[in-house]
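Written out below as structure tokens is the structure these notes cover.
Nothing in this text is a laboratory measurement; each read-out follows from the coordinates by a stated rule. Since the structure is predicted, the reported quantities are computational estimates derived from the model, not experimental observations. Here the Cβ positions follow ideal geometry from the backbone for every residue, glycine too, while neighbour counts run over all protein chains shown.
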Amino acid sequence: MLYDVAIIGGGPAGLTAAIYATRANLKTIVFEKAICGGQIVNAMQVDNYPALPHISGAELGERLENQAKELGAEIVFDEVSNFAKEGDVFKLSASEEYMARSVVLATGAAPRKLDIPGEKELIGRGVSLCATCDGGFFKGKNVAVIGGGDAALADAIYLSGICNKVYLVHRRDEFRGKASMVEKLKNIPNVEFVLKATPEQILGESRVEGLEIKQDEQMKKLNVEGVFVAIGQVSQGARLNPELKADSFGYLIADENLQSSIPGVFLAGDLRQKRTRQLTTATADGSEAIASVSDYLSNKQ
């Protein structure tokens, strides 16, 4: 069977693309290797998605999946290992082979993890991978931000306006982020730099009750109720085709129409080079990608 568009990834960007594609009368298939909804399903509560305050990430993912299915999108729970262009058609390899006239990559970007005790167990219960998503839950509390790049510095600045105390924990004695951001943080009274320190364990059973760090060969405890991990992300799309161009951080490159370096392959969501990675920008990418898919297929005809 030949599909008009194959969407790889069943997160908010991919499912929004599926909704718009089916409404455009495109024969649509979505590939998702795990569970629809992407990383947002791990959020206990989402407060920054318009018109749906206090919704859980799991419910939001389920609603997106159901809407795409009701409109006629075919969702296959399988992992695409690679795809290649053969003439004007793309061949996608999963447990079976599929053919499509166009492809939307929406595989997202996975946050790098600390891989320390307590991190996995307390995700959503004090451990967060997104300060702008979850910062509001920590109003007036003490938190730690882990990282030394621009993302960590921006998180610390943002959280300083919400939280009582922000510890910025970095393994080196200097930050990798912008000097201007470092100078700004130095002048914020409730931000404390914790340098040459490595996180060893996140403490707590049902919620975060502290962060154990190693500094100057000594173990210390930071009394925090939240830990924000900001040590970078890994784009999840480049492995699918060697012709996909990426930047130095591994994010795939697209033009203003979300066209990738391969004609007929479009990018949506966190896997692509962009400034902001939020639910709203992911869903916007999904709709924009299908507008470009429609133009591409029309020109082919």
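Its residues counted as N, the chain yields a C-alpha radius of gyration over 2.2 N^0.38 Å of 1.08. Residues whose amide H comes within less than 5 Å of that of D47, counting only those at least five positions distant or on another chain, are H54 (H built at 1.01 Å from N in the peptide plane).
Computed on the chain, with alpha-carbon pairs under 8 angstrom and 6+ residues apart, the relative contact order is 20 percent.
For E79, the residues 5 or more places off, or on other chains, whose built amide H falls under 5 Å of its own are S95. The 3J(HN,Hα) values that the Karplus relation (6.51, -1.76, 1.60; θ = phi - 60°) gives for the range 28-40 are, in residue order, 10, 10, 10, 9, 9, 7, 10, 9, 5, x, x, 5, 5 Hz. Gly and Pro appear as x. For the residue pairs K33/K184; K141/K214; K139/K214; K85/K274; K27/K113; K33/K274, alpha carbon separations beyond 32 Å are given by K33/K184; K27/K113.
Using the Cβ of N164 as centre and a radius below 15 Å, the other residues enclosed give a net charge of +1, where K and R count +1 and D and E count -1. Computed from the alpha carbon atoms alone, the convex hull of the range 1-66 holds 82 Å³ per residue.
So how do 112-124, 63-75, 186-198, 257-269 stack up, highest first, on mean other-Cβ count within 10 Å?
Ranked by mean Cβ neighbours within 10 Å, highest first: 257-269, 63-75, 112-124, 186-198.
For K220, neighbours were defined as the other residues whose beta-carbon sits under 10 Å from its Cβ, and their charges (Lys and Arg +1, Asp and Glu -1) total -1.
The fraction of Cα-Cα pairs per 10 angstrom bin, counted from 0 for the range 113-229, comes to 15, 51, 31, 2 percent, rounded to whole percents. Volume per residue of the convex hull around the Cα atoms, evaluated for the range 236-301, comes out as 81 Å³.
Bridging of K220 to aspartates and glutamates at a Cα separation below 18 Å is possible for E119, D173, E192, E200, E209, E212, once same-chain residues fewer than 8 apart are set aside. Taking the chain as a whole, the Cys residues whose C-beta sits 4.7 Å or farther from every other Cys C-beta are C36, C163. Annotation: amide H of V227 within the under-5 Å range of V127, S128, A144, sequence separation 5 or more or interchain, hydrogens built in the peptide plane.
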